[in-house]
1. Give me the three principal axis extents of the stretch 84-163 from the C-alpha atoms, as integers in angstrom, largest value leading.
2. How do Arg59, Arg34 rank by accessible surface area computed with a 1.4 Å probe, from largest to smallest?
3. From largest accessible area down, sort Glu27, Glu121; use a 1.4 Å probe on the protein chains.
4. Could you work out the pair-distance distribution P(r) of the chain from its alpha-carbon pairs, with 5 angstrom bin width and percents rounded to whole numbers?
5. Taking all protein chains in place and a 1.4 Å probe, what share, in percent, of the accessible surface of the stretch 23-163 do carbon and sulfur account for?
6. Kindly provide the helix-only [θ] at 222 nm of the chain, computed as the sum of -39,500 (n - 2.57) over DSSP H runs of four or more divided by all residues, to the nearest 500 deg cm²/dmol?
7. Non-local amide H neighbours of Asn80 (under 5 Å, H modeled in plane, Pro and chain starts lacking H): which ones?
8. Could you do me a favour and compute the accessible area per residue for the chain, 1.4 Å probe, result in Å²?
Amino acid sequence: MNRSRRTRRWGRGCKAGPVHTIHALEEGHWEQWRPLWKGYLEFYRAVLPEETTRSTFARLVGSDDAMFGLLALDEGGTGNGLAHCVVHPSTWSDAPSCYLEDLFVAPSARGSDLGRTLLEEAKRASLRREAGHLYWHTQEYNGRARSLYDLVARPTSFIVYEM
């Protein structure tokens, strides 16, 4: 069987997911980013003032490499995933570390491997900023995300405390 036939045959039997492209977050992405940020906050049952949302976006798109954002867009230009990272110094290394503070995939794009793609791009972006490693926290009950994280990273023995 030639390849074109096989592709056509598979095409009839499978529903193809949308194509995603990952972009560095820019000022012109506000309209695509805002609904994702809102969805992320709703997922965690968090409410932030609009001023904080606008300030967060401004810092993510600013020229300072200490914070950066990534935005996943489908072929129609709709935002369907985001990642926000904070690069910071470390007492354990001369190289900085990169904390993945926020990762969100829109419900319509879940199961499409977009979460893994965002994680991989966050790692590449952190390496471009000379960060020694990328790390993140997640809620214990977030089983769907944790099943992905268990495939791409290793959990540590640290427990997070807050004051």
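1. Computed over the Cα atoms, the extents are 40, 31, 22 Å.
2. Reading off the accessible areas and sorting them downward yields Arg59, Arg34.
3. Ranked list, largest accessible area first: Glu27, Glu121.
4. Here the calculated profile for the chain is 1, 8, 16, 19, 19, 16, 9, 5, 4, 2, 1, 0, 0.
5. Heavy-atom surface of the stretch 23-163 belonging to carbon and sulfur, 1.4 Å probe: 52 percent.
6. Theoretical 222 nm ellipticity from helices: -12000 deg cm²/dmol.
7. Ala72, Leu73, Asp74
8. That works out to 69 Å² for each residue.
The values are calculated or read from the model by the stated rules, or taken from the named source; none is laboratory data. Everything quoted here is computed from the prediction, not taken from an experiment. Virtual Cβ from ideal backbone geometry, glycine too; neighbours counted across all protein chains shown. Accessible surface areas use protein heavy atoms only, side chains included; no ligands, DNA or RNA. Shrake-Rupley method; radii C 1.70, N 1.55, O 1.52, S 1.80 Å.
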